[in-house]
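Chemist: The structure under discussion is supplied below as structure tokens; questions concerning it will follow.
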Amino acid sequence: MKLYYHPVSTTSRPVMLFAAEAGIPLEYQLVDLQTGEQYQPAFSAINPSHQVPVLEDGDFRLTESSAILKYLADMNVSDAYPSAPHMRARVNERLDWFNTGFYRDFCYGLIYPQIFPTMRRADEAVQAGTIAYGRDKALGWLKVLDEHLIGPHHDYVCGNAITIADYLGSVMMYSGECVSCKIGVYPNITRWMNNMKALKHWSKINEVFHKYMIEPNRDKALTAL
Ligand SMILES: N[C@@H](CCC(=O)N[C@@H](CS)C(=O)NCC(=O)O)C(=O)O
């Protein structure tokens, strides 16, 4: 199976991390998002949405990180995507929770406009307003994640066993470290992230992304949560 990916992509890394941890061999093909390769005809023919990740399994092609995680877990009969209906529904619920409101407000609202020059708003007032709105919304999602989705008694977002929802959610959450989010004020998120960071392949998969944690291109006054 081949994965079209980019090493900084928040939606590629959960797939890469899960595959590495589960011992699923993938052939990796880099799509250079920084030079706009995703808009060139060759990749547009592979994914007309111009996004990574894309999985190819023979002549079957699949986009969307959540769908790819589910497919890989199913093909490998992984415990990270349980088959019992209630447990599976809970994993699906958490995946959707991360992939919709949380991703939109935390990553696209608060973080990306600060760390990716192409997502910075040209107008300073618009930039500040975008980040302030994302920050306010993110605060609400983080409270829900800390107090309800994880809570004081669980190690992961669906209970005490790791699932594919943890792979997706933790990589999104990790983006916050680029803008110095004070995750320490959320004890359950902190415990969960420490569990994820202890995974054998966490550091290697996040290696290229780490350079964004030292770049100065941030709106300092608006970064802290
Ligand atoms: N909903 C998609 C989102 C994929 C996505 O946002 N990919 C980004 C990288 S994290 C991308 O390829 N962006 C390139 C572009 O939009 O130009 C998924 O979950 O896979």
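Chemist: Among the residues of segment 98-107, is there at least one that is of a type in the set (V, I, T), near the ligand (Cβ under 10 Å from one of its atoms) and within 25 Å of I183 (Cα to Cα)? Outline the logic, then answer.
Modeler: We begin by selecting, within segment 98-107, every residue of a type in the set (V, I, T); these are 100.
Okay, now just the ones that are also near the ligand (Cβ under 10 Å from one of its atoms), so 100.
In the following step, the residues that additionally are within 25 Å of I183 (Cα to Cα) were identified as 100.
Yes, because at least one residue in segment 98-107 is of a type in the set (V, I, T), near the ligand (Cβ under 10 Å from one of its atoms) and within 25 Å of I183 (Cα to Cα).
Chemist: I'd like to verify a number: residues in segment 29-41 that are surrounded by fewer than 18 Cβ atoms within 10 Å (Cβ to Cβ) and closer than 24 Å to M173 by Cα, how many?
Modeler: Residues in segment 29-41 being surrounded by fewer than 18 Cβ atoms within 10 Å (Cβ to Cβ) and closer than 24 Å to M173 by Cα: 3 in total.
Chemist: Next question, about the same structure. If the Cβ limit is 6 Å and pairs must be 6+ apart or interchain, which residue in segment 1-15 that is under 14 Å from I164 (Cβ atoms) and not assigned by TED's automatic domain parsing to the domain that holds Y167 pairs with which residue that is within 9 Å of the ligand (Cβ to nearest atom) and not in a loop (DSSP other than H, G, I, E, B)?
Modeler: Taking only residues 6 or more apart or on different chains, the pairs are T11/S65; P14/S65; P14/L168; V15/S65; V15/I68.
Chemist: Can you name every residue in segment 18-41 that is small (G, A, S) and either more than 15 Å from the ligand (Cβ to nearest atom) or touching a strand residue (DSSP E or B) at 6+ places or on another chain (Cβ under 9 Å) (or both)? Quick ask: steps written out before the conclusion?
Modeler: Step one: list which residues in segment 18-41 are small (G, A, S), which gives 19-20, 22-23, 36.
Selection gives A19, A20, A22, G23.
Chemist: What tally of residues in segment 58-73 results from selecting those that are charged (D, E, K, R) and loosely packed, with under 13 Cβ neighbours inside 10 Å?
Modeler: Residues of segment 58-73 that are charged (D, E, K, R), as a first pass: 59, 61, 64, 70.
Filter once more, keeping what is loosely packed, with under 13 Cβ neighbours inside 10 Å: 59.
Looking only at that region, the number is 1.
Chemist: Taking segment 23-72 on its own, how many of its residues are at negative phi and either touching a Ser or Thr at 6+ places or on another chain (Cβ under 6 Å) or in a loop (DSSP other than H, G, I, E, B) (or both)? Reasoning before the result, please.
Modeler: As a first pass, look at segment 23-72 and keep what is at negative phi: 24-35, 37-49, 51-57, 59-63, 65-72.
Filter once more, so that each one left must be either touching a Ser or Thr at 6+ places or on another chain (Cβ under 6 Å) or in a loop (DSSP other than H, G, I, E, B) (or both): 24-26, 31-32, 40, 47-49, 51-54, 59, 65.
Final tally of qualifying residues: 15.
Chemist: If we scan segment 147-165, do we find a residue that is of a type outside the set (V, I, T), part of a helix (DSSP H, G or I) and without any contact (Cβ under 8 Å) to a residue 24 or more places away in the chain? Break it down into steps so the answer makes sense when it comes.
Modeler: Taking segment 147-165 first, the residues of a type outside the set (V, I, T) are 147-149, 151-156, 158-161, 165.
Next, only the ones that are part of a helix (DSSP H, G or I) stay: 147-149, 165.
Subsequent filtering for residues that are without any contact (Cβ under 8 Å) to a residue 24 or more places away in the chain retains 148.
For segment 147-165, residues of a type outside the set (V, I, T), part of a helix (DSSP H, G or I) and without any contact (Cβ under 8 Å) to a residue 24 or more places away in the chain: present.
Chemist: OK, next. Is it the case that segment 27-38 has a residue that's within 17 Å of the chain's Cα centre (by Cα) and either at pLDDT 95 or above or assigned by TED's automatic domain parsing to the domain that holds K197 (or both)?
Modeler: First pass over segment 27-38, keeping only residues within 17 Å of the chain's Cα centre (by Cα): 33.
From what's left, either at pLDDT 95 or above or assigned by TED's automatic domain parsing to the domain that holds K197 (or both): none.
No, every residue in segment 27-38 fails to be within 17 Å of the chain's Cα centre (by Cα) and either at pLDDT 95 or above or assigned by TED's automatic domain parsing to the domain that holds K197 (or both).
Chemist: Name the residue, out of S49, S66, that is touching a residue at least 60 places away in the same chain (Cβ under 8 Å), closer than 24 Å to R94 by Cβ and within 9 Å of the ligand (Cβ to nearest atom). Walk me through it before giving the result.
Modeler: Details: S49 fails: touching a residue at least 60 places away in the same chain (Cβ under 8 Å).
Within the list S49, S66, the selection yields S66.
Chemist: I've got another one for you. Being surrounded by 21 or more Cβ atoms within 10 Å (Cβ to Cβ) and either not small (G, A, S) or not assigned by TED's automatic domain parsing to the domain that holds I164 (or both) is true for just one of P113, P152, P117, P82. Which residue is that?
Modeler: Numbers: P152 fails: surrounded by 21 or more Cβ atoms within 10 Å (Cβ to Cβ); P117 fails: surrounded by 21 or more Cβ atoms within 10 Å (Cβ to Cβ); P82 fails: surrounded by 21 or more Cβ atoms within 10 Å (Cβ to Cβ).
Going through P113, P152, P117, P82 in turn, just one is surrounded by 21 or more Cβ atoms within 10 Å (Cβ to Cβ) and either not small (G, A, S) or not assigned by TED's automatic domain parsing to the domain that holds I164 (or both): P113.
The values are calculated or read from the model by the stated rules, or taken from the named source; none is laboratory data. Bear in mind the structure is a predicted one, so any value in this text is a computation, not a measurement. Please note: Cβ atoms are built from the backbone with ideal geometry, for glycine as well, and neighbour counts cover all protein chains shown.
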